[in-house]
Structures are given as C-alpha cells and as structure tokens.
Amino acid sequence: MHTIEIPDIGFSKEIPSMVSELSTEQYLDFVELFLRLTHEQISYREFRMLLLGKLLKLKPPRKRLSFLNTDTIHSELYRLSELIDSFTLIIEEAGKEKVQVNLALVKNLIPHIKISDRVFYGPADALSDVGFFEYIDAHHHYLEFVKTAEEEALNKLIAVLYRPEKENWYAQRWSEEYDGQRRVKYNPATVDDRSIHIAKLPYPVRFAIFLFYHGCEDFLRDGELMFGETRLRLSILYDSDRMPSEDDTGLVGVLYTLAESQVFGNAAQTADANLYDVFFRLYQLLRSLKNQQKAIRDDTD
C-alpha cells in the first residue's frame, strides 16, 4: 500500500500500490480507465490523475479557490499521481512507448457477477478450484480472444468460469461431503446459453475478468507452488512438449494419457480432477522422465 500524508492539513491515507490490493469497485474503475488509455481516449497523465482521484475519492471543492491555491493543489496532486506508476509497465514497441498493466493478479476481484436477476459465481483465487477439463475449455477461449479480440470468445471464457450457485448451497456447505465448490459442476453444454447472458455485461467488467484469468495463466507458466514440502515451478511443464502453450489440443491428449494410467480414474473422472492435482502429477511424471534420461546418459558416458 502507498501511504499519502499531507502534514499541513493533517491528511493521511493509504491507497493500493498494486492491482491485487484494489477493492472490486476500485478494480473496475482501474480497468475502465485503462481501456480508455489503451484506446487513446485519455493520456497517461490523465490516467494517473483520474485513477488517483478514484482511489482518494476526491470531490470538487464546494467554494471557488484562488489561483494560487488551485495551482498548489494541482501540483501536489500531480506529484502524488506518480505513485500510480506502480500499476503499470512502460514498454517500447515499434519505437513507441506503450503502457501495460503491471499484472501479477491471481486474486479474483470479481467473485460473482449479476445479470438481471441471475447471479453467476466465479472461480477461487489462482483458479485453485477449477477442474482440468474446465481449464482446457477456458484456455481454448482465452487463446481465441487473445488472437482475435472477438467478444464471443471472451463471453465463452467467462461462461466457462462463472456458473450458478449449487441448489441448497448454504445447507450443503456444512455437510461433511461438501467439496468447497459454490458453483454448479462444469457442463460444456451450458456454456453457449450462459455466454448470451454474459454478453449483456459492460465490456469493462468482462475485460476485468479476462485480466484476472490472464494473470492466472502467467502464474501457471512462471509461478512457484508448494505441495506439502515440495517446491515446484510449473514452467517445466510449459518448457516441455507435454504442455503446449500455442493451442489446447495437447491438453486433451494429456487428459486421455492420464486416464489410461487410472491415477484419477477414467476419462470423465480425470476431466473433473482439480487442475493443480493434474499439474502436480504431470510434474512428477516429467521429473521422473528427466531423471531416467539423465541416468541413461550417465551410463553411456
């Protein structure tokens, strides 16, 4: 968090310093301003000033200020707006400076969405409650949206992840059989219908969900996880030929290969297995394969 202090007036306030520290309302304000920036509707300076105003909840003064006071306030606000740089990265592309979101975001800042009288619930932070086949479908629509920017792909990505609440969920959560899932079980057949409803959401809300999912994809490729006392980096999977990042066809192959091993059961049971459990098993298999290959090389030397 950034701490802002103006001793002269006894003002002190903390504001977020990164996207994951934003509230849901602040996050949606941030995404809306970021979209306006990327579409060149506002300058980066305006983006910083407007976002600072949202975070501080600034309101216009009730009485007219003198020129000197106005100039002092604007100078102070501009100085404070430089703190907003922590939300973005400035990169150079084709000889021009471009602003990107500094997105180390795996926290789901939009846990549910409401459309008319229907409420859909999203996945847990870092997709920790997502099933393997659910991830395969989400990954497919994610790649499609990245390549084409077609809103239909975006709507289907969200429709995969956001689903209605289980019937009698509140009572179920106290049961010993409760699996921690508030959402109904993933069913690919319901995605198209749900995506029609999701298309009614304002684009900034949908894009905000995309940014969350994008952050999770980055984490799966580059992040570090702890399984008990085992520390592992999932990048080893993406660096191998077992987890292609350009399309999702290899993921379907992985599903059937694991189903043959019966580690998680048959194909349907493997599809329902937790994403991280599947990745951990793949990690074990890949490490075992690499150790075998190393042993063979050592024997032939």
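The values are calculated or read from the model by the stated rules, or taken from the named source; none is laboratory data. Predicted, not measured: the structure shown is a model, and the values here were computed from it. A quick note on method: Cβ atoms are made from the backbone with ideal geometry, for glycine too, and the neighbour counts reach across all protein chains shown. Just so you know, the surface numbers come from the protein's heavy atoms only, side chains and all, with ligands and any DNA or RNA stripped out. Shrake-Rupley method; radii C 1.70, N 1.55, O 1.52, S 1.80 Å.
Quick look at the values:
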{"read-out": "Test: residue in the stretch 177-186 that is open to solvent by less than 10 Å² (accessible area, probe 1.4 Å) and touching a residue at least 60 places away in the same chain (Cβ under 8 Å)", "value": "yes"}
{"read-out": "Positions within the stretch 187-211 being surrounded by 13 or more Cβ atoms within 10 Å (Cβ to Cβ) and in contact (Cβ under 8 Å) with a residue 60 or more places away in the chain, in sequence order", "value": "194, 197, 198, 201, 203, 204, 205, 207, 208, 209, 210, 211"}
{"read-out": "Search result, residues across the stretch 93-107 that are surrounded by 14 or more Cβ atoms within 10 Å (Cβ to Cβ) and under 16 Å from the mean Cα position of the chain (by Cα)", "value": "101, 102, 103, 104, 105, 106, 107"}
{"read-out": "Selection count, the stretch 78-87, where residues are under 25 Å from residue 222 (Cα atoms) and surrounded by fewer than 18 Cβ atoms within 10 Å (Cβ to Cβ)", "value": "2"}
{"read-out": "Single residue of the stretch 179-235 satisfying the filter (aromatic (Phe, Trp, Tyr) and modelled with pLDDT of 85 or more) that is farthest from residue 162 (Cα to Cα)", "value": "219"}
{"read-out": "Pair list, Cβ < 8 Å and 6+ apart or interchain, from the stretch 212-234 residues that are under 20 Å from residue 88 (Cβ atoms) and charged (D, E, K, R) to residues that are modelled with pLDDT of 85 or more and surrounded by 13 or more Cβ atoms within 10 Å (Cβ to Cβ)", "value": "217/139; 217/142"}
{"read-out": "Top-ranked residue in the stretch 137-153 [being over 23 Å from residue 111 (Cβ atoms) and part of a helix (DSSP H, G or I); ranked as least open to solvent (accessible area, probe 1.4 Å)]", "value": "143"}
{"read-out": "Residue that is modelled with the highest pLDDT, among those in the stretch 113-166 that are out of contact with any Lys or Arg (no Cβ under 9 Å at 6 or more places or on another chain) and of a type in the set (S, T, N, Q)", "value": "148"}
{"read-out": "Subset of the stretch 39-63 that is surrounded by 14 or more Cβ atoms within 10 Å (Cβ to Cβ) and within 19 Å of residue 203 (Cα to Cα) - its residue that is modelled with the highest pLDDT", "value": "42"}
{"read-out": "Matching entry among 110, 90 (being at pLDDT below 80, in contact with a Phe, Trp or Tyr (Cβ under 9 Å, 6 or more places away or on another chain) and either surrounded by fewer than 17 Cβ atoms within 10 Å (Cβ to Cβ) or in a loop (DSSP other than H, G, I, E, B) (or both))", "value": "90"}
{"read-out": "Meets criteria (in contact (Cβ under 8 Å) with a residue 24 or more places away in the chain, more than 17 Å from the chain's Cα centre (by Cα), open to solvent by 20 Å² or more (accessible area, probe 1.4 Å) and more than 30 Å from residue 284 (Cα to Cα)) for residue 164", "value": "yes"}
{"read-out": "Residues satisfying the stated conditions in the stretch 93-110, i.e. touching a strand residue (DSSP E or B) at 6+ places or on another chain (Cβ under 7 Å) and free of Cβ contacts under 8 Å to residues at least 12 places away in the same chain", "value": "97, 98"}
